[in-house]
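One structure is given below, encoded as structure tokens.
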Amino acid sequence: MGPYTDKHTNQQISLSNPSHTGSDGISRINFKRKKIPSVNELAESIFGGNKTLLARAITLIESRRPEDHILAQELIEICLPKGPESIRIGITGVPGVGKSTFIERLGKMITGMGKKVAVLAVDPSSSVTKGSILGDKTRMYELSRDPHAFIRPSPTGDSLGGVARKTRESVILCEAAGYEVILIETVGVGQSETAVHSMVDFFLLLKLAGAGDELQGIKRGIMEMADGVVINKADGDNLKQAQRARTEFERALQLYPPKQNGWLPKVTTCSALNNEGVSELWQMIEDFIKSNKESGYFNAQRREQNTNWFLQTVDERLKSSFYEHPDVKAKLDKLVNKVGNNKISPFKAADLLLSSFKKN
Ligand code: GDP
């Protein structure tokens, strides 16, 4: 892994030689050229709200080294019970809709209310193209300078599953560092919305007026996930069109089946550029959270999300330990060939492969 530039200090942190040393048996994290903090020291700094060490802890989560993985898990266990009551908000919309402008405004408003806000991103495109849509560090210029805000671009070089896991673990660390509002941003064009939806309390869809759903790359499933829709760029010549779009969306949303919690998704307009409509949107989110807490749905949903992540992780680990098993590796290609040539049925081949795994 190459050097990582800490966004807040602009210092280069190399993770080329990380991980535990220590003849005293204490787990230590070796960030090159830095004092080596133990997992407990790192956790204490996070609880104290130290942004630089929070960023480094997230780097540890993102590391691919198995020994770092062990330390990261230790750290997460320590941080898990320490978070404040947080609100996790997912924000999606196609590139250009105004997500970063909007998040900058919303983030500044939240810090203006005396709350701490963390912005994370799920952008698996960066692992494919090696260029991240959401990772551009010049975005959210003002918010990145706010002492009560913490911004972290999407983890790179990983599958969606890997990116999602790392973001989810980062949420736990951010909450332990006292961030009460967690904004998780994603590009509204693929599977990443489903992953983000499964880790947030409120899911917000940003749209533009005047462009069809196809043009905006928004799939029906994303509309169904939305707890709120905001039509951005409701300003200048676009204002009337945005107001019309709002009515259309309200009508369209009525056609979807009601949500489990009885909430009817709301539609608002805003101009992130002119900072209009952002506080109304925040009010919508607060109403939603209040009603979900009163009905018990808020906690039920968080419990369900945790359970799903647990089962999903077991699933992933089982699969990878299966496919990485030497006996399975040795037999897989041969069996694929035989199945392809009708020399053996797919079911018999599956039995054979599974039994060579079970034997061990
Ligand atoms: P993202 O790709 O979704 O993060 O979108 P950006 O926040 O980078 O915005 C894309 C472009 O739209 C930029 O040129 C912004 O200045 C512009 N923009 C964002 N919000 C608004 C808005 O409310 N009104 C107008 N007119 N332009 C906006």
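Bear in mind these aren't lab numbers, they're just calculated from the coordinates by the rules spelled out. Everything numeric in this text was worked out from a predicted model, so none of it was measured. Neighbour counts run over all protein chains shown; Cβ positions are idealised from the backbone, glycine included.
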12 Å beta-carbon shell around R244, net charge (K/R +1, D/E -1): +1
Which aspartates and glutamates does K240 reach when only Cα atoms under 17 Å apart count, and residues fewer than 8 places away in its own chain are ignored? E248, E250, E276
Which value, in debye to the nearest 20, describes the size of the charge dipole of region 263-352 about its Cα centre when Lys and Arg Cβ atoms bear +1, Asp and Glu Cβ atoms bear -1, and nothing else is charged? 700
Roughly what would the spin-label model give for R65 and E224, points 7 Å off Cα along C-beta, in nm? 4.4
Applying the Karplus parametrisation 6.51 cos²θ - 1.76 cosθ + 1.60 with θ = phi - 60° to the phi angles of region 81-89, what ³J(HN,Hα) value in whole Hz is obtained for each residue in order, glycine and proline being reported as x? x, 9, x, x, 5, 10, 10, 9, 10
In whole Hz and in residue order, list the ³J(HN,Hα) couplings for region 144-156 that follow from phi through the Karplus curve 6.51 cos²θ - 1.76 cosθ + 1.60, θ = phi - 60°; x for Gly and Pro. 5, 9, 7, x, 9, 10, 9, 10, 9, x, 5, x, 10
Please list, in chain and number order, the residues 5+ apart from F203 or on another chain whose amide H is under 5 Å from its amide H, with Hs placed from the backbone. G90, D227, G228
Residues whose built amide H sits under 5 Å from the amide H of T269, excluding neighbours closer than 5 in sequence, are I231
Which residues qualify? For I87, with a placed amide H closer than 5 Å and at least 5 residues away or on another chain, they are V181, I182
Kindly flag which residue pairs out of K233/K259; K99/K259; K166/K329; K82/K293 have an alpha-carbon separation exceeding 22 Å in this structure. K233/K259; K99/K259; K166/K329
Would you tally the net charge around E104, using a Cβ to Cβ cut-off of less than 9 Å, leaving E104 out, and scoring K and R as +1, D and E as -1? +2
So what J values fall out for region 63-76 if you push phi through Karplus, 6.51 cos²θ - 1.76 cosθ + 1.60 with θ = phi - 60°, rounded to Hz, Gly and Pro as x? 4, 9, 6, x, 5, 5, 4, 5, 5, 4, 5, 4, 5, 4
Charge context of N337, other residues only, Cβ under 11 angstrom, K/R +1, D/E -1: +3
In Å, what Rg and Dmax follow from the Cα atoms of region 35-76? 9.6, 27
To the nearest 0.05, what FRET efficiency results for S295 and N342 with a Förster distance of 56 Å applied to their C-beta separation? 0.50
